[in-house]
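**Student:** My structure is below; once you've seen it, I'll send some questions.
Here, each number is a calculation from the coordinates, and none is a lab measurement. Everything numeric here is computed off the predicted structure, so don't read it as measured data. Cβ atoms come from the backbone with ideal geometry, glycine included; neighbour counts cover every protein chain shown.
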Amino acid sequence: MYLLLTWKDVDFALGNTFFIAAITTQILTYFWFVTLGLVSACIYLRCIQKPAPQTPLRRTLQIAPFLLTLGIVICGGVWRGNLPQKFYPWATNIVVMLLLLHFPISGVAIWRSRGRRGFVAALSLLQLYLSLCSSFVSSMSIADTWL
């Protein structure tokens, strides 16, 4: 069996992905006090803590959870539940797996960042919050069950 993608399929998946990103942004603005608190904690801790030498591993560990969040949004857009093909029950497992990958990556990032642990912990909480919001919307999109 070959997977043939046409431009119409790619355009449909991109449209769904942007739709899920827009709904996630609406959730983040609806709970503005949580978003504002996490962002201001990141900014405050970044300003007061002394700069530590950045190695490529530390920088990658701080940015990797944002890529996981992007992967969650893309999974929700590609495997949307109302597609004319069939329902993909394993796609929800991929979203949960990407969400759970935050914990070991954040733990290693906090452990490896000497002198900046407060900032990295606040950044990890912000990334986890973004991923929770996007996985909520992506799971609704995959199952085609909207609240």
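**Student:** To the nearest 0.05, how large is the calculated FRET efficiency for W90 and T60 if R₀ is 35 Å and r is the Cβ-Cβ distance?
**Tutor:** Efficiency computed from Cβ-Cβ geometry: 0.80.
**Student:** If you average over every viewing direction, what projected area does the convex hull of the Cα atoms of the range 66-147 give, in nm²?
**Tutor:** 5.3 nm²
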